[in-house]
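The values are calculated or read from the model by the stated rules, or taken from the named source; none is laboratory data. A quick note: this is a predicted structure, and the numbers were derived from the prediction, not measured. Cβ sites come from the backbone with ideal geometry, for glycine too, and all protein chains shown count toward neighbours.
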Amino acid sequence: MFINWGLGELNLKIVYYGPALSGKTTNLQYIHARTPPHMRGRLISLKTQQERTLLFDFLQLEMGKVHNLKPKFKLYTVPGQVYYAASRKLILQGTDGVVFVVDSQAGRLADNQESWYTMEQHLVELGHDLSTFPIIVQYNKRDMPHVLSVSELKRQLAVDGRPQFEAAAARGAGVFDTLKAAMNAVIGQVKTAIR
Amino acid sequence: MTRSQLVLGPSQLNDLRTALAQLGQQADVYLAMIADFSGQDIVSWQNRHDLDTSSIAALAAGDMMATLEVGRMLGGKRACNLIVQEHDELTILIARVGEGLLLLLGTAKDVPLGWSRLALKRTGDRILAVIGSAAPSAPPPALSDDFASSFAAQLDSIW
């Protein structure tokens, strides 16, 4: 978080976290495509030659003035592949909230659990209190065959008490519900955080 | 708590902007920018007006973090303090300032590297002096209880 009282700007960071191929980059691509151009910057993607996220994707959104303050959100994704663990922790540095993107397909449960565990571990190491830190859960790929039920995913990931949304990010379903919940949760934390 | 949290008032921002502008006027500098390790762009000076400083800050922070990690994995005992990129047309230096800030300097190719390094050191010291006086301040009246509800309503009007 960086607060610039001179310009009345709240600069806030949200990281999309989750296992490889869960749809983190797809979320950002959809947000970029469906946001008015004057409210968004360029979508920066650092990809491998195979189009997989290498370091991060980045998108800035400017939400216009609210009560003479300008909230600006910097959205990042982390690389999901297991061997990029170091990059994921680095990108979580300074984040004000996380969207955890779950791959709902039955065969990905262990990957989701591993990713959730490492995310919590990184956040704790970075000094965050998990009981108050904004984490929004998105159950993505609900339109795919062989998905686990949401109740089963909730049980397996132990995410009770977090805001949760079903999504099919490739079609855009649930993308903005998730984003708005994340932004509202982060804004809700601002007053507490700067005291 | 290690959470990145920087609150700057108008006079501190002005001091930082002045430090960068003075740097920019001493040599053929394209961009001088302060960012933090989480990728937030804090203040910048540029001799053009079309640079996307938000994206540059995010990328510079990623560059520095990745370089630090490479150093650590190779057994480096000291933190990396400077990255130098020598391009055909320009030179870019990204210096670490204090624990959590970056100072990026983009210059013409013919600006001596020695001058740039010295300038980064001096400007970094000035930045630390200004930031060191930046105490967290109380939220202004604009951040009132209904700010969150007004913000939520604004989001609903956009998407």
Query raised in the report: Does any residue of segment A:164-186 turn out to be surrounded by fewer than 16 Cβ atoms within 10 Å (Cβ to Cβ), assigned to a helix (DSSP H, G or I) and in contact with a Pro (Cβ under 7 Å, 6 or more places away or on another chain)?
Result: no
Query raised in the report: Does segment B:80-98 contain at least one residue that is in a helix (DSSP H, G or I), among the aliphatic types (A, V, I, L, M) and in contact (Cβ under 8 Å) with a residue 12 or more places away in the chain?
Result: no
Query raised in the report: Counting only residues that are modelled with pLDDT under 85 and outside any loop (DSSP other than H, G, I, E, B), which one in segment A:3-47 is farthest from the chain's Cα centre (by Cα)?
Result: A:4
Report task. Tally the residues that are within 14 Å of another protein chain (Cβ to nearest Cβ) and among the hydroxyl-bearing types (Ser, Thr, Tyr), restricting the search to segment A:91-119. Result -> 1
Report summary line: Considering segment B:59-109, residues that are within 13 Å of another protein chain (Cβ to nearest Cβ) and among the small types (Gly, Ala, Ser), and then whichever is surrounded by the most Cβ atoms within 10 Å (Cβ to Cβ), we arrive at B:61
Query raised in the report: Any idea which residue in segment A:13-47 is surrounded by the most Cβ atoms within 10 Å (Cβ to Cβ), counting only those that are more than 19 Å from residue B:57 (Cα to Cα) and within 10 Å of another protein chain (Cβ to nearest Cβ)?
Result: A:31
**Report entry** Close pairs (9 angstrom Cβ cut-off, 6 or more residues apart or separate chains): free of Cβ contacts under 8 Å to residues at least 12 places away in the same chain in segment A:75-103, among the acidic types (Asp, Glu) anywhere
**Finding:** A:86/B:69; A:90/B:69
